[in-house]
Every structure is written in structure tokens, then in C-alpha cells.
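Undergrad: My questions all concern the structure below.
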Amino acid sequence: AMLKAAKEEEIAAGRKLQAELDQQIAELMEKHAQAFQELEDTEAQLELDRTFLATLKAKCAESGAEFDQRVKDRLTEIVAVEDTIKILNDDESFEAFDKTVNSFMQIASVSEMKERLRRATSVLVRAAAAIGAPELSLLASRAQLDAFTKVKEEIDKMVTELNKQQQDEIEHRDWCIDSLNKNNRTQEENYDKKDSLQTKIADLEKTIDYLTKEIDAATAAIAEMQNQMKRASENREAENADYQTTISDQRVTQMILETALNRMKQVYALLQKPSAPHIQTSGTHTDPGNGPAAFKDNAPLNAGGSRVVNMIEEVIADSKKTEDEAIAAEQDAQTAYDNFMQDSNKAITIYSEKIANMKGARAAADEDLAMAKVDLKSTVATLGELHDESGNLHKSCDFIKDTFDARQAARTAEIDALVEAKGILSGMK
């Protein structure tokens, strides 16, 4: 009964474990589906980020080259304009300008033209010195050499170009801000994904370790049950051998006692019959004759024989009782053995099914773990690319962002100076 109760407890525990494992398998399958979807989303985002990075690098390289070229051209212009101003400020140059201006201006007086020319040139020179714009210095020189119509056309062109540069710089600044914000958002998303994957990997490793221990425990339980079944078979075999010996011994004993009993019954059956009459004769010198009879009733002499018969019969009865008890004990032992073997085989079947299910769950967890590690590696690589992209963006954009207001203000001042100079020149008739 105790063995049966123990086996029932083992079966109940096995069923409970099976339910828990089924739940874990369902959770693992759900996690697997989520991880697979995350992998697809990450790969798609990675492809978009790589395209964006390639475009960004190309734009940055192009913008950097254009900026370097503009700096070089402006430095060359500054040198040329400084030399030009020195030449234009010479007295002989002013005398020549007077003649040239007189040839083109028929309406205004020479002094008025000189004054307006001086004012326009002064505005351009001051603006060039204040904001470091060599184009204004060059334009101041051309204002003294070229016809005012051409100068005003040049001013219009420069204003248009400066306005375009203003707008381009605004667009580039906005692009930089948008790109940096997008890069930061993408980094945050990937850092969140990295944390999620690390948590998932830890959970999967814990699950795999738990399943491995449970599989080992179930395997050990099967081995122990098989060992108990082996010992039970050996004990049953020994008990049956003892039973066979007992039955054989008892039956041989009964056969011998039955033979002895029959013999005793035969003997005492003859003794119970009446004997022939006793004739007393006198002795002679050649015949001793018959002496007087010593007893007439044989019953007292036969009383001991009945006790022997009864004793043999009791021994035979005890032997048969022992045989019956041995048979009953053998049947009970065989029934208990059969039940034990059946229960053990059922328990082994349940444990084997649990082991198969747990191995399947562990294999799925191993697969999920491998995919999660690949996904984590890809995410870390993506973060590295995003960091590189962020560095390139800062190289390309920090100067624009840091000097944006100053550059806009300087360019606005340059435009205002050009407009003012054009207004002065437009006053000439």
C-alpha cells in the first residue's frame, strides 16, 4: 500500500510537471515568434540605416569639399582685393577714374559723381572689413572701374547668390538637426532592443539550465525505478524459489506421514480384533505347556496407538495448513509484484514522455538563444555604425550649428551693404 501511494504521488508530480512544461513550451514558442519578428524588423531598419549612412557620407564628403574650395577661393580673393584696393587708392588712379566717369556720366557733375562713388565704395569697403567678405572689396574696386549699370547688375547677382547661400545654409542646418535627431532616436531604439535581447538571453539560458536539470532528474528517476524493478524481480525470484521448496517439502512430508498413518491404522486395526481362547496345559518332562493367560483385555495396551495416529494426523493437518498459507502468500506476493511492475512501467512511460517534451522545449530554447545572440550581435554592430554616423554628422554639422547665427548675421550684413551701395549708385543719373 505504501509503495502504491508513493507511486501515485510520483505520477501526480509527473502530471504537474508536464503541465508546467507545456506552459513553458507555449511561452517559449511565443517568445520565439516575437524574437523572429524583431529580427525581421531590425534587419529592415539596418538596411535603411545603411542606405541613410551611405547617402550621408556622400553628402558630407561633397559638402566638405565644397567648403574647403570656397575657403580657398575666398582667401585668394582677399589677397587679390587687397592688392586691387591699394592700386585704386592711388592718386593717379583717381585722376584716371575722373576721366572715365566723365566719359560715361553726362548728367551729374564731376564732384557729385566722385562723392557718390566715394560713398558707395566706402560702404562696400567698411562692410568687407567688418564681416570679412572679400567679394565686397572686389565689388568696391569694380564700382570705381566699371559702368554703374554693370556694378548694379553685379550687386543684384551677389544679393541673389547670398540669399541662396542663406537658404542653403538654413536647409543644411535643418538637415543636420533632423539627421542628428533621427540618429539619436535610432540609437535609443537599438539600445532598448539590446537591453531586451540581453534580458531574453538571460531568461533563455535560465530556462535551458532548468530544463537540463529536470531532464537529468527524470533520467535519474527512470534509472532508479529500473533498479528497483530489477531488485524486485530478483526478490520475487528468490521468494518463488523458497515457495517451491516449501511446497515440495510439505508435500513430501505429507506423503510420508500419510504412508506412516496408513500403516499404523492397519496395525491397530488388527489389534482391535478379539484373540483365540487361551488353553492352559500342564508341562511334562518334554513339553513346558502353556502358562496361565496374563491379560484378557487388549484395550489398555492399544490406547497409545490411538494417540500416535492422532499426532500424525495433526502433523499432516499442520503441513497442509502451512502449504495453504505458502500458496496464499505466494499469490499475494506475485500480485504485489505485478502491480509494482505495472506502476513502474507506467511511471517510466510518463517520465520518458516528459523527457521527450523537455528535450523538445530545450531544443527550441537553444534555437531561440542562438537567434537572440545573432540578433544581439547585429544590434551591437548597428550601434557601432550609428556611433560612427553620429561622429561624421558632428564633424559635418557642429561648425554649421555653432556658427549658424554669426554666419547668418554676417551674410545679412553683407546683403544690407550691397543693397545700400546699390541705392547710392542708383541715385546717379
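The values are calculated or read from the model by the stated rules, or taken from the named source; none is laboratory data. For clarity, every value in this text was computed on a predicted model and none was experimentally measured. Glycine gets a Cβ as well: all are built from the backbone with ideal geometry, and neighbour counts include every protein chain shown. SASA here: full protein model, heavy atoms, side chains in, ligands and nucleic acids out. Shrake-Rupley method; radii C 1.70, N 1.55, O 1.52, S 1.80 Å.
Undergrad: Of all the accessible heavy-atom surface of the range 177-249, with the other protein chains kept in place and a 1.4 Å probe, what percent is carbon and sulfur?
TA: 46
Undergrad: So what's the net charge close to residue 206: Lys and Arg +1, Asp and Glu -1, counting the other residues with Cβ under 14 Å from its Cβ?
TA: Charge balance near residue 206 sits at -3.
Undergrad: Additional query: Heavy atoms only, 1.4 Å probe, whole protein assembly: order 344, 352 by accessible area, highest first.
TA: In descending accessible area the options line up as 352, 344.
Undergrad: Quantify, in whole percent, the carbon and sulfur part of the accessible surface of the range 1-58 (1.4 Å probe; protein heavy atoms only).
TA: 58
Undergrad: Summarise the long-distance tail of P(r) for the range 327-429 by giving the % of C-alpha pairs beyond 23 Å.
TA: Tail fraction, whole percent: 73.
Undergrad: Please report the net charge: other residues with Cβ closer than 14 Å to the Cβ of residue 185, K and R +1, D and E -1.
TA: With Lys, Arg at +1 and Asp, Glu at -1, the net is -4.
Undergrad: A follow-up question, please. How large a share of the accessible area of the range 364-407, in percent, is made up of carbon and sulfur atoms when the probe is 1.4 Å and the other protein chains stay in place?
TA: On the range 364-407, the fraction of accessible area on carbon and sulfur atoms equals 59 percent.
Undergrad: In Å², and per residue, what accessible area does the range 1-53 have when probed at 1.4 Å with the other protein chains present?
TA: I get 70 Å² per residue for the range 1-53.
Undergrad: Suppose all protein chains stay in the model; what accessible area per residue would a 1.4 Å probe give for the range 304-429, in Å²?
TA: 52
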